[in-house]
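Asks: Pasting a structure here, questions to come.
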Amino acid sequence: MYRVLFLLGLLATPFWAGAEVKKANDIVIYKDDKFFSSFPSIVRRPSGELLVAFRRAPNRVPMGGKTGHTDPNSHLVLVRSKDDGATWSDPELIYADPFGGSQDPCMIQLRDGTLLCTTYGWCLMPDPAKGPKMFSVGNFKFLGGTVLRSTDGGHTWEKPIYPPPTPGEKHVGLWGQPVPAYNRGAMCEGADGRLFWVVACQRTNDGEQTSTHLMISSDKGKTWNYSCPVSADAKISFNETSIYETPKGDLVAFLRSENFNDHTVVARSTDHGKSFQPWVDSGFMGHPHYALRLPDKRVLLVYGYRHQPLGVRARVLNAECTDFATAPEMVLRDDGVTGDLGYPWATMISKHRALVVYYFHGADGIRHICGTFLEL
């Protein structure tokens, strides 16, 4: 009898359960020396087609200028692969903000196939001293966030959605109103169909300290409502955040911190987003993050690593993401030239293979979109 039960247990357990995750190989997804390409996200369509979205801006160096993370002509594009990443299409335009440069396309796919892509923008101001007092970087003023939706696999995108500002937001946009909610990172679709999105907020006037907060949508991203704070501190800032729902139903936020030795911070909600427990220090460095559920319900957590040796790293967490401090760290790339790299995102392309995408550059300085295949 015991032998029968043992064999039945083996049959009920996926044969990949607990399998070691190993790096297979690296690929270049998109590179063009005319452009600064960065901040990718990836989804796998029901058909198996892979979509990689990223921010693309002119390479200003041949024009006598500099490239960077703010540019009036930055825009969002995507490329496609129908052969599991072996070849990729030419870029297709997702969105270009009419008032400035578009940043960081954070794309996810809902269970019904709808694609959502969040972004935010920067507006070049000829005279930064004029107009409303806004958060700025050099001559660029912050525009806040935007949500984009596609119901046809990213071939067309609906009219942009501007979410409401986070309560208490001090940043104002071009028209003097608090900026729409914003952040860089992955939202998640819960088991109940609601969307959970952790956004950043500036609640002081000094332009430095930021906290994070939970927004929830019950209509697939068309409208958003404020729920609760996620993390705040008198000395530490929190911003770029990805959120993940565990099989048990906990919401786990992986946050980028500032003024905290670049440590990853983790916050957890055990009441379906009504509140979050106090944030905790993960004990390891890296940012920002993306959490991918593996076939055996473990979680692949990928993140950039902007310390020597520069690159991209990962950890495989248990299903409830409780072992983040002790899970072994994997090095996916350690050959970065400068710290301007990373921002990884990931998807499964089969039961035994995952693809992690990120941006990178070599000695030529051309920022481009790369990928690393992992085998389970």
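Asks: Being touching a strand residue (DSSP E or B) at 6+ places or on another chain (Cβ under 8 Å), surrounded by fewer than 20 Cβ atoms within 10 Å (Cβ to Cβ) and closer than 20 Å to PHE373 by Cα narrows it down to one of PRO328, PRO229, PRO278, so name that one.
Replies: PRO328
Asks: May I pose another question? Quick one: how many residues across the range 321-376 are over 13 Å from VAL52 (Cβ atoms) and hydrophobic (A, V, I, L, M, F, W, C)?
Replies: So the answer is 17.
Asks: Out of all the residues in the range 211-243, which are among the hydroxyl-bearing types (Ser, Thr, Tyr) and in contact with a Ser or Thr (Cβ under 9 Å, 6 or more places away or on another chain)?
Replies: SER211, THR212, SER217, THR223, TYR226, SER227, SER231, SER237, THR241
Asks: Pick out the one residue from GLY342, GLY283 that is modelled with pLDDT of 95 or more, surrounded by 15 or more Cβ atoms within 10 Å (Cβ to Cβ) and not basic (Lys, Arg).
Replies: Exactly one residue qualifies, and that residue is GLY342.
Asks: Could you please find all residues in the range 234-257 being in contact (Cβ under 8 Å) with a residue 40 or more places away in the chain, crowded, with 17+ Cβ neighbours inside 10 Å and assigned to a loop (DSSP other than H, G, I, E, B)?
Replies: Within the range 234-257, THR246, ASP250 meet the criteria.
Asks: Here's something else I'd like to know. For the range 328-351, which residues satisfy the criterion of being touching a residue at least 24 places away in the same chain (Cβ under 8 Å), assigned to a loop (DSSP other than H, G, I, E, B) and either under 24 Å from THR67 (Cβ atoms) or not basic (Lys, Arg) (or both)?
Replies: Matches in the range 328-351: ASP334, ASP335, GLY336, VAL337, THR338, GLY339, ASP340, LEU341.
Asks: OK, next. For TRP224, state whether it is among the aromatic types (Phe, Trp, Tyr) and either surrounded by fewer than 17 Cβ atoms within 10 Å (Cβ to Cβ) or over 15 Å from the mean Cα position of the chain (by Cα) (or both).
Replies: Yes; evaluated as a whole, the condition is true for this residue.
Asks: When the residues of the range 156-174 are filtered to those that are in contact (Cβ under 8 Å) with a residue 60 or more places away in the chain and out of contact with any Gly (no Cβ under 9 Å at 6 or more places or on another chain), which remaining residue is surrounded by the most Cβ atoms within 10 Å (Cβ to Cβ)?
Replies: Selected residue: THR166.
Asks: Determine which member of the set GLY101, GLY131 is of a type outside the set (Phe, Trp, Tyr), surrounded by 17 or more Cβ atoms within 10 Å (Cβ to Cβ) and touching a residue at least 40 places away in the same chain (Cβ under 8 Å). Before the answer, list the steps.
Replies: Details: GLY131 fails: surrounded by 17 or more Cβ atoms within 10 Å (Cβ to Cβ).
Only one candidate qualifies: GLY101.
Asks: Looking only at the range 259-297, how many residues end up being touching a residue at least 60 places away in the same chain (Cβ under 8 Å) and under 21 Å from GLU329 (Cβ atoms)?
Replies: 8
Asks: Could you say which residue among ASP271, ASP296, ASP281 is charged (D, E, K, R), part of a strand (DSSP E or B) and more than 18 Å from the chain's Cα centre (by Cα)?
Replies: One residue alone meets the criteria, ASP281.
Asks: With the condition kept exactly as written, say whether any residue in the range 200-216 is touching a strand residue (DSSP E or B) at 6+ places or on another chain (Cβ under 9 Å), at pLDDT 95 or above, under 21 Å from ILE94 (Cβ atoms) and surrounded by 18 or more Cβ atoms within 10 Å (Cβ to Cβ).
Replies: No, there is no match, as no residue in the range 200-216 is touching a strand residue (DSSP E or B) at 6+ places or on another chain (Cβ under 9 Å), at pLDDT 95 or above, under 21 Å from ILE94 (Cβ atoms) and surrounded by 18 or more Cβ atoms within 10 Å (Cβ to Cβ).
Asks: Just name the residue that is farthest from LYS141 (Cα to Cα) out of those in the range 103-122 that are under 15 Å from the mean Cα position of the chain (by Cα) and polar (S, T, N, Q).
Replies: If we take residues in the range 103-122 being under 15 Å from the mean Cα position of the chain (by Cα) and polar (S, T, N, Q), then GLN109 is farthest from LYS141 (Cα to Cα).
Asks: Restricting the search to the range 52-98, which residues are within 21 Å of ASP26 (Cα to Cα), of a type in the set (A, V, I, L, M) and touching a residue at least 12 places away in the same chain (Cβ under 8 Å)?
Replies: Matches in the range 52-98: VAL52, ALA53, LEU78, VAL79.
Asks: A further question follows. If a residue must be under 27 Å from TYR244 (Cα atoms), part of a strand (DSSP E or B) and among the aliphatic types (A, V, I, L, M), how many such residues does the range 79-114 contain?
Replies: Adding up the residues that qualify gives 4.
Asks: Return the total of residues in the range 15-72 being farther than 23 Å from MET330 by Cβ, assigned to a strand (DSSP E or B) and among the basic types (Lys, Arg).
Replies: Adding up the residues that qualify gives 2.
Asks: Here are ARG268, ARG256, ARG184: which of them is in contact with a Cys (Cβ under 9 Å, 6 or more places away or on another chain) and closer than 21 Å to ASP104 by Cβ? Working first, answer last.
Replies: Working: ARG268 fails: closer than 21 Å to ASP104 by Cβ; ARG256 fails: in contact with a Cys (Cβ under 9 Å, 6 or more places away or on another chain).
Result of the check over ARG268, ARG256, ARG184: ARG184.
Asks: Being of a type outside the set (Ser, Thr, Tyr) and not in a strand (DSSP E or B) is the requirement here; does ALA314 meet it?
Replies: Spelling it out, it is not the case that ALA314 is of a type outside the set (Ser, Thr, Tyr) and not in a strand (DSSP E or B).
The values are calculated or read from the model by the stated rules, or taken from the named source; none is laboratory data. It should be emphasised that the depicted structure is a prediction, and the values quoted were computed from it without experimental measurement. So basically every Cβ, Gly included, is an ideal-geometry build from the backbone, and we count neighbours across all protein chains shown.
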